[in-house]
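Take a look at the structure below.
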Amino acid sequence: MHQNLAIEMKNISKTFGEIKANDNVSLEVRHGEIHALLGENGAGKTTLMNMLSGIYTPDEGTIAINGEEVRFSSPKDPIQLGIGMIHQHFKLIDVMTAKENIVIGQKGSFFTKGKALSKEIKELSDKYGLDIDPDKKVYEMSVGEKQTLEIIKVLYRGAKILIMDEPTAVLTPQEIKKLFNIIRNMKEQGCAVVIITHKLNEVMEISDRVTVLRKGKSIETHNTKDVKVSELIELVVGKKVDLSISKDKIEEKKELLVMDDVTVLDPEGKNALEDVSFGLSTHEILGVAGVANSGQKELCESIAGLIKVNKGRIFFDDQNIVGKTPREIIKLGIRMGFIPEDRLGMGLVASMDIVHNIILKDYQNQPGIVLRRGPCIEKAKRIVKELDIQTPGITTPVKKLSGGNIQKVLLGREIDSAPRVLITAYPVRGLDIGASYKIYDLLNEQKKKGVAVIFVGEDLDVLMDLCDRIMVLCHGKVTGIVDPGKVSKDDIGLLMTGHTMEEIKSGKKEGELND
């Protein structure tokens, strides 16, 4: 055994029903190492790490921590050994504050004096360059704040072995830089860090070694500096993959959705959206870019009828839908698919299976008072087959599926409802390469059929390759609507920080905005 090993997992196997999530997997992670774990959704990465964090018990194989073989009977056991896991889906209690979530489950800590605990958390946050309000309730937090809280929670418990499942999926570029600094600091202190990520550029930037899993088996482990991105992609997918996104120019368009001077207030009475105006046509994908909390969520929810519009009008096929509930909008004959940012919080009911999540969408459209399950069962089978959803069956609760398969269920359900406008907020967030490009293809198929698509994204490269136009939001205002073929990624970055196109063009002439 290598004396510097923090983690040694040998011949690990784990089966759920007929699905073999891990099949004779072995993994070694050293102290002072950042180790990336790569693989398609359903390849067994999260299951493997869940066994390391005490959530599951291996059916076969052994786990050794710091050279000592261990058997975990509960998640408390790994925590006591300094192992902390940050999950892709947050493990937080919404009605509690940040500091209550941080200390819950720790003996005696829950009754620590409030001010002393807040001070301790702030000192820890300052040390690692994180920012959190200890007294803020979780349900009041943005997705990014929840992710930050999960990181602080693990650090507070003294983790020396840190497991991160898609840690950057919900973070801004600035927050990612801070996170990477935290990870590098932990590495310098001798900590072992395992990162599950689908972002290959991050693997190349942050990791020392990388292990690839495919269909539940460990394929290869490489020193990151000795492997190329194209080689990693081929190992992950099992074949060479063309990472190009098609973008067909379709001239036959009709304006379908118009937002006219729309203002939406947040709970504190401040402008979440301010005088937003734009048009959306058939056969078009309109990208929406902006740093976190720039109004993307409110934009989507105002169109879908989920939040109040305080000023302005939204026309769908020349009908003003402001003030109408989602059900009233459907009764008008307006078919609108909505894929929210929080797929398990708003999009699907985690404890329900695929069939019942489809019934949620279909029940009000069925005639009579008796719900017919047959069509929903057939629809569920068709969606699973067409989108290649990896699941033991259509009656499996969606919370037991991997992130990519959860997103496929949601996207498949919305597309199957034949929407005329499809609103997608971060539809590939946390997904692997294969699943992401499958979703890009699905969106392009909808565009060809005449659907008007809104694509809220965070990867500027994808936005520029996929979208016909890009609208940029900053602090709830539209700073520009641009043709990605006529601007640079740097231009869009400047729009995201509040510059206008006029300022950018003027600055370029004067040599002020070259950076």
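If only residues of the range 260-309 that are closer than 23 Å to Ile250 by Cβ and among the hydrophobic types (A, V, I, L, M, F, W, C) are counted, the one that is surrounded by the most Cβ atoms within 10 Å (Cβ to Cβ) is Ala289.
Quick grid of which residues meet (1) part of a loop (DSSP other than H, G, I, E, B); (2) surrounded by fewer than 17 Cβ atoms within 10 Å (Cβ to Cβ); (3) touching a Phe, Trp or Tyr at 6+ places or on another chain (Cβ under 9 Å); (4) not hydroxyl-bearing (Ser, Thr, Tyr):
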{"position": "Asn22", "(1), (2), (3), (4)": "no, no, no, yes"}
{"position": "Thr47", "(1), (2), (3), (4)": "no, no, yes, no"}
{"position": "Asn50", "(1), (2), (3), (4)": "no, no, yes, yes"}
{"position": "Thr57", "(1), (2), (3), (4)": "yes, yes, yes, no"}
{"position": "Glu69", "(1), (2), (3), (4)": "no, yes, no, yes"}
{"position": "Asp77", "(1), (2), (3), (4)": "no, yes, no, yes"}
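Residue selection: Gly61 fails the criterion of being at pLDDT below 90 and in contact with a Ser or Thr (Cβ under 8 Å, 6 or more places away or on another chain). Within the range 210-237, if we keep just the residues that are in a loop (DSSP other than H, G, I, E, B) and either aromatic (Phe, Trp, Tyr) or over 24 Å from the mean Cα position of the chain (by Cα) (or both), the residue that is farthest from Asp441 (Cα to Cα) turns out to be Val227.
Counting only helices (runs of 4 or more DSSP H) that sit completely within the range 263-371, those holding 1 or more residues that are at pLDDT below 95 and closer than 26 Å to Lys247 by Cα correspond to 296-303.
For the range 154-193, which positions are within 24 Å of Ser230 (Cβ to Cβ) and either crowded, with 19+ Cβ neighbours inside 10 Å or at pLDDT 85 or above (or both)?
Here is the first cut: in the range 154-193, the residues within 24 Å of Ser230 (Cβ to Cβ) are 166, 168-169, 176, 180.
Residues satisfying the conditions are Glu166, Thr168, Ala169, Phe180.
Among the residues that make up the range 190-206, is at least one of them in contact (Cβ under 8 Å) with a residue 12 or more places away in the chain, small (Gly, Ala, Ser), under 30 Å from Leu117 (Cβ atoms) and assigned to a strand (DSSP E or B)? Within the range 190-206 (the criterion being in contact (Cβ under 8 Å) with a residue 12 or more places away in the chain, small (Gly, Ala, Ser), under 30 Å from Leu117 (Cβ atoms) and assigned to a strand (DSSP E or B)), the answer is yes, since at least one residue qualifies. Of all the criteria given as (1) of a type outside the set (Phe, Trp, Tyr); (2) out of contact with any Cys (no Cβ under 8 Å at 6 or more places or on another chain); (3) under 27 Å from Ile334 (Cβ atoms); (4) in contact (Cβ under 8 Å) with a residue 40 or more places away in the chain, the one not satisfied by Gln446 is (4).
What tally of residues in the range 56-74 results from selecting those that are in contact with a helix residue (DSSP H, G or I) (Cβ under 9 Å, 6 or more places away or on another chain) and on the phi < 0 side of the Ramachandran plot?
Let us first name the residues in the range 56-74 that are in contact with a helix residue (DSSP H, G or I) (Cβ under 9 Å, 6 or more places away or on another chain), namely 56-58, 61, 63, 65, 70-72.
Those still in the list that are on the phi < 0 side of the Ramachandran plot too: 56-58, 63, 65, 70-72.
Total meeting the criteria: 8.
Within the range 127-144, which residues are at pLDDT 80 or above and under 19 Å from Val154 (Cβ atoms)? Before you say what the answer is, go through the steps one by one.
Let us first name the residues in the range 127-144 that are at pLDDT 80 or above, namely 132-141.
Matches in the range 127-144: Ile132, Asp133, Pro134, Lys136, Val138, Met141.
Could you grab me the full set of residues in the range 13-58 that are among the acidic types (Asp, Glu) and within 28 Å of Met204 (Cβ to Cβ)?
The first filter runs over the range 13-58 and keeps only residues among the acidic types (Asp, Glu), leaving 18, 23, 28, 33, 40.
Listed by number, the residues that qualify are Asp23, Glu28, Glu33, Glu40.
Based on what the data block shows, is Glu69 out of contact with any Pro (no Cβ under 9 Å at 6 or more places or on another chain) and without any contact (Cβ under 8 Å) to a residue 40 or more places away in the chain?
Values: out of contact with any Pro (no Cβ under 9 Å at 6 or more places or on another chain): yes; without any contact (Cβ under 8 Å) to a residue 40 or more places away in the chain: yes.
Yes, satisfied.
Flag: Lys187 does not match the condition of being in the same structural domain as Ile152 (by TED's automatic domain parsing), more than 22 Å from Ser436 (Cβ to Cβ) and either free of Cβ contacts under 8 Å to residues at least 40 places away in the same chain or assigned to a strand (DSSP E or B) (or both). Could we say that Val70 is modelled with pLDDT of 90 or more, farther than 25 Å from Lys153 by Cβ and not small (Gly, Ala, Ser) here? It is false that Val70 is modelled with pLDDT of 90 or more, farther than 25 Å from Lys153 by Cβ and not small (Gly, Ala, Ser).
Do you know which of the residues in the range 414-426 that are at pLDDT 85 or above and surrounded by 20 or more Cβ atoms within 10 Å (Cβ to Cβ) is farthest from Ile330 (Cα to Cα)? Give the steps one after another, and end with the answer.
First, pick out the residues of the range 414-426 that are at pLDDT 85 or above: 419-425.
Now restrict to residues that are surrounded by 20 or more Cβ atoms within 10 Å (Cβ to Cβ): 421-425.
Values: Val421: 12, Leu422: 14, Ile423: 15, Thr424: 18, Ala425: 20 Å.
The selected residue is Ala425.
The values are calculated or read from the model by the stated rules, or taken from the named source; none is laboratory data. Owing to the predicted nature of the structure, the values given are computational and were not obtained by experimental measurement. FYI the Cβ positions are ideal-geometry reconstructions off the backbone, even for glycines, and counts take in every protein chain you see.
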